[in-house]
Amino acid sequence: MATKSHSNREGAPLGIRAGALAVLLFMHAPILVIFLYAFTTDEGGYTFPLPGFTLKWFGIALSRTDFWQALWLSVRVAFMATAIALLLGTLAAAAVHRSRFFGRETISLVLLLPIALPGIVTGIALRSTMGMFEIPFSYWTIVIGHATFCVVTVYNNVLARFRRTSWSQVEASMDLGANGFQTFRYILLPHLGTAMLAGAMLAFALSFDE
C-alpha cells in the first residue's frame, strides 16, 4: 500500500516548475553571459555574439603577481575571520541559550545587526570607530571588519542546535563525575559539531566573497 501511494504521488504543477525555472534563469543568465566574455577575443569592447573564443585572458590573469597576492590575502582573512567567528559565535550562543540576564535580547539583536544592516552602513561605522581611536588600517582591521558580520552565521546555527539539544544528557554527564571539558568533548561537541561546521563554512564563504 505504501509503495502504491508513493508511486501515485504527483509532482509540482507544471506552472510552478515553469515559474521556478524562469526565476533561476532570471537570476543566473546575466552571470553566464559575463562568464562567456572571459573567452572573447575582443579586446576593445563587449559584442554579442562573441567574435571568437580564446583562453589567453586566463593566462594573463594567472601570471599577474597582484592577482595571487589578492587571492592569498582573501584566503588568510577568511580563515582568520572564520576562526574568530567560530569562537565568539559559539560562546555567544551558549551564553544566550543557557543564561537569563538583563539585556539578553538586546545582545542577541546586536549580534544580528551586522548581517541585517546594509554592508555600507557597517563599513562606515567601522571606519568611523577606527578613525576615532586612531587605529591604522592593516590586515587585522580587515579581519575585524569581516568577523563582525561572520559571527552571526555561527551564532544562528549553534543557537538553533542548542535549542534542539537535550540538556538532561549534560546533567547526567556531570552527575557521573565528568568535568566541564569532558562533558563538552563527549556530549556537547558531537551535538554541536555539524552546526559549527555549517556556520564556519558560511562564514568563510561570506568573508571570501567580500
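The values are calculated or read from the model by the stated rules, or taken from the named source; none is laboratory data. Being a predicted model, the structure only gives us computed values, none of them experimental. Counting neighbours? That spans all protein chains shown, and the Cβs are built from the backbone with ideal geometry, glycine included. SASA here: full protein model, heavy atoms, side chains in, ligands and nucleic acids out. Shrake-Rupley method; radii C 1.70, N 1.55, O 1.52, S 1.80 Å.
So that you can scan it fast, the table gives a plain yes or no per residue for (1) without any contact (Cβ under 8 Å) to a residue 40 or more places away in the chain; (2) in contact with a Ser or Thr (Cβ under 7 Å, 6 or more places away or on another chain); (3) of a type in the set (A, V, I, L, M):
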| position | (1), (2), (3) |
| --- | --- |
| Arg164 | yes, no, no |
| Asp175 | yes, no, no |
| Gly180 | yes, no, no |
| Thr183 | yes, yes, no |
| Leu188 | yes, no, yes |
| Thr194 | yes, no, no |
| Leu202 | no, yes, yes |
| Asp209 | yes, no, no |
Count - residues of the range 91-146 that are touching a residue at least 24 places away in the same chain (Cβ under 8 Å) and over 30 Å from Leu188 (Cα atoms) = 4
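Output yes when any residue across the range 28-39 is in a loop (DSSP other than H, G, I, E, B), without any contact (Cβ under 8 Å) to a residue 40 or more places away in the chain and in contact with a Leu (Cβ under 8 Å, 6 or more places away or on another chain), and no when none is. Break it down stepwise before answering.
Just the residues of the range 28-39 that are in a loop (DSSP other than H, G, I, E, B), to begin with: none.
Taking every residue of the range 28-39 in turn, none turns out to be in a loop (DSSP other than H, G, I, E, B), without any contact (Cβ under 8 Å) to a residue 40 or more places away in the chain and in contact with a Leu (Cβ under 8 Å, 6 or more places away or on another chain).
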Answer from Val96, Val121, Val33, Val77 - the residue that is touching a His at 6+ places or on another chain (Cβ under 8 Å), at pLDDT 80 or above and not polar (S, T, N, Q) = Val77
Taking the range 164-195 and keeping only residues that are open to solvent by 50 Å² or more (accessible area, probe 1.4 Å), part of a helix (DSSP H, G or I) and of a type in the set (Ser, Thr, Tyr), one is left with Ser168, Tyr186, Thr194
